[in-house]
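Quick note: the coordinates plus some simple rules give every number you see, no bench work behind them. On a predicted model such as this, the values are computed, not experimentally measured, just so you know. Every residue, glycine as well, gets a Cβ built from its backbone with ideal geometry; the counts of neighbours run over all protein chains shown.
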Amino acid sequence: MSKGLTFIISDKCNITCDFCGPDCGPDHKESLDAEFMIETFEKQNSSLGVTNVVFTGGEPTLFLNDLYKTMSHIKTRNIPMRIVTNAFWGRNRKTAEKIVKNLLDCGLTEFNFSVDDFHQKYISYQSIKTAVEVSKEFSIPVLLAHKTYPNGRSSKETFENLLGKPIPGLESLESEEFEIAFSSANTIPIGRGAEEITDYSEWSDNLNKSWKGPCKSVFKDITVQPNRQLSPCCGIIDRKTSEFYFSDLENTNFLEVVENANSSVLYNWLALEGPSGIMDYIKEKLPDHGFRDSYVQNCELCQQIFKEPKYKKIIAIGMEEKFNELLFKRRLIEEEFVD
Ligand code: SF4
Ligand code: SF4
């Protein structure tokens, strides 16, 4: 089964947003170079296949030469590529045109611009407007990926006023092709700024409970971190959580890393029941568990679970106790006896 491949090129960023999951900023030094990204891409493409490649950070466009080189290679395999950026380069139209043209020539198929109160404290609205206009000039679709926050000021309407036209919501699109679209989700309280939040009542997903159930990212996405470690999912969780950053691609064969992940009881548990399934197991064993009734998103719950030593002790027991049950469920899914 083909998988998505995400390169977190670096945690280096030109700005320091008040909220940032991976705690990015100007002082980070580590980054993935083009040779390593091309090699990793080839290893995955020839073994598992690659559905799409995402370049993110930090701010990936701080590493344009490595981006151009890697993308030019991937372009020859005809695989869609997306860049997640704060679009700071939109502050100068001529520079923006040069960058966007080069990225188009290298095979870029979509931009995600991170926009919200936190980003716009540092990146002007005019820069976003210019970056959108230039992307349109070169026919690169733009998703404005917005994050909400209780009492936040910016909204879809803010960006519609900025661009002087309605922007369709991503969920309302009838086709996968678009010129511009807007998505909005709650800021996930992980990483820098998360400790500022004390009242989750308005914010947690009480209604749709999207944080419950199997994790759809495990086994589907592969994320390569700036330190060349591989994560078996979206890679949003705190980098200090060793359960999620386990394999050094520098010294371990790529396929071995993927096979280890595939046979991990923990990842199978997350894929089959999600962090909410693990939480339910912990609740049964630990009356004084300390979980909230609702969470903003499943990664937030995952983060809470894996930073707490008392939960991890129970998980270790659970992995032994639930081994046969998880194996059975996995086989059923593989044999397509269940949906
Ligand atoms: S949220 Fe994005 S733009 Fe802001 S500091 Fe983090 S990586 Fe940089
Ligand atoms: S819920 Fe956990 S396993 Fe799933 S993507 Fe988030 S951090 Fe990864």
Seminar exercise, completed: For N186, other-chain or 5+-apart residues with amide H closer than 5 Å (H placed, Pro excluded) are T148
Exercise. GluC sites (Glu not before Pro) within the stretch 238-284: which are DSSP loop residues with at most 15 other Cβ atoms inside 10 Å?
Worked result: E250
Exercise. Helix 265-285 versus the longest principal axis of the chain: what is the Cα-based angle in degrees, 0 to 90, to the nearest 10?
Worked result: 60 degrees
Exercise. Going by how many other beta carbons lie within 10 Å of each one, how would you line up R331, R292, R228, fewest first?
Worked result: R331, R292, R228
Exercise. Helix-derived [θ] at 222 nm for the chain: sum -39500 (n - 2.57) over DSSP H runs of at least 4, divide by residue count, nearest 500?
Worked result: -11500 deg cm²/dmol
Exercise. Tally Lys/Arg at +1 and Asp/Glu at -1 over every other residue whose Cβ is under 11 Å from the Cβ of E243; what's the total?
Worked result: +2
For this session: Compute the distance in nm between two label points, each set 7 Å from the Cα along the Cα-to-Cβ direction, one at E39 and one at T95.
Result: 3.2 nm
Problem set entry | Highest-MSF residue in the chain out of I190, I314, I282 [GNM, Cα springs under 10 Å] | I314
For this session: Would you mind counting up the charge near C24? Only other residues with Cβ under 10 Å from its Cβ, with Lys and Arg at +1 and Asp and Glu at -1.
Result: -2
Problem set entry | Among F323, F219, F19, residue whose mean-square fluctuation peaks in a GNM of the chain (springs only between Cα atoms under 10 Å) | F323
For this session: Return one number: the angle in degrees, 0 to 90 and rounded to the nearest 10, between the long axis of the Cα atoms of helix 93-105 and the longest principal axis of the Cα atoms of the chain.
Result: 60 degrees
Problem set entry | Partner lysines for K12 [C-alpha distance under 25 Å; skip if fewer than 8 residues away on the same chain] | K29, K69, K94, K98, K101, K121, K129, K147, K240, K307
For this session: Please give, to one decimal in nm, the separation of the simple spin-label points placed at S155 and E133, each 7 Å out from Cα toward the Cβ.
Result: 2.7 nm
Seminar exercise, completed: Low-density loop trypsin sites (Lys or Arg not before Pro), the stretch 59-107, at most 14 other Cβ within 10 Å, DSSP non-H/G/I/E/B, are R77
